[in-house]
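Below you'll find the structure, written out as structure tokens, and then a few comments.
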Amino acid sequence: MTTEGVTPAGSKKLDYWFTVLLTDPVALPMVRLLTRRRWLSPDAVTLIALLLGLSVGAFFSTGQRWGLIAGAIAFYFAFVFDCVDGKLARALQVTSPRGEALDHLADGGRRASAALGLAVYLWRVEGDATVLYAVVYTVASYYFLEISGAERGEPGGRLSGMSGWLAQRRLLPNPGMPDVQAITFIFGPLTGFVVAGLVLGTAMVTAAIALTVYRRLR
């Protein structure tokens, strides 16, 4: 954990819990190393994230316990590399339309691969009806991203109370898609509670949709 109020180089001022607590401890040392050594460009890191993300579905679709574990690990590292490319680009002050397009491709490819892989897993192991959980989750999550306009929004103004305490530690007060994806595509498969993870993830996304619609129409 970083010192309160200090933003690590290349990081966003505020971010979601899964990113700050479980991803940044791995991603930030990689960013510091790549900033010094320049072994990989941000675009090359994005390509690694894309390849890892596409492998997730293949692992999940095996219908085996080892496939769930391997897919969850692949998803985690795909997310880590996806975080590294953005932090590295900000640290090096290098941005390009191609890099942004690759980043969106890696994000979408990882999610689509994981959702499709879990759908195949559920069809092979749990039965036809449970595939609906994966379908509903996928549709709901992409709809949320579409109406919200972004995955992450930082609260404006001076924060106080619990929100202020969290902000000092770079934590957003509300969960977001990285947290939902961690539950659905990492913790659920790792523990074997695939359906429970999908149900919880769908419930979180549905609540986020309702809150977003309320805020937009208020």
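Rule-based calculations on the coordinates, nothing more; no lab input. Every value quoted in this text rests on a predicted model; they were computed, and no experiment measured them.
Using the Cα gyration tensor of the range 16-113, with a ≥ b ≥ c the square roots of its eigenvalues, what is the shape: rounded (a/c below 1.5), prolate (a/b larger than b/c) or oblate (neither)?
Numbers: a/c = 2.29, a/b = 1.64, b/c = 1.40.
Here the range 16-113 falls in the prolate category.
Please turn the phi angles of the range 43-49 into ³J(HN,Hα) values with the Karplus equation 6.51 cos²θ - 1.76 cosθ + 1.60 (θ = phi - 60°), one per residue in order, whole Hz, x for glycine and proline.
Values, residue by residue: 5, 5, 5, 4, 5, 5, 4 Hz.
Give the shape of the range 17-217 as rounded, prolate or oblate, defined through the alpha-carbon gyration tensor: a ≥ b ≥ c are the square roots of its eigenvalues, a/c under 1.5 means rounded, and otherwise the shape is prolate if a/b is larger than b/c and oblate if not.
Note, shape of the range 17-217 comes out oblate.
How large is ³J(HN,Hα) for each residue in the range 108-123, as worked out from phi by the Karplus curve 6.51 cos²θ - 1.76 cosθ + 1.60 (θ = phi - 60°), to whole Hz, x for Gly and Pro?
x, x, 5, 5, 5, 4, 5, 5, 5, x, 5, 4, 5, 4, 5, 5
Quick one: which residues, 5 or more positions from Asp15 or on another chain, have an amide H under 5 Å from its amide H? H modelled 1.01 Å from N in the peptide plane, none for Pro or chain starts.
Hits under the 5 Å cutoff: Leu171, Leu172.
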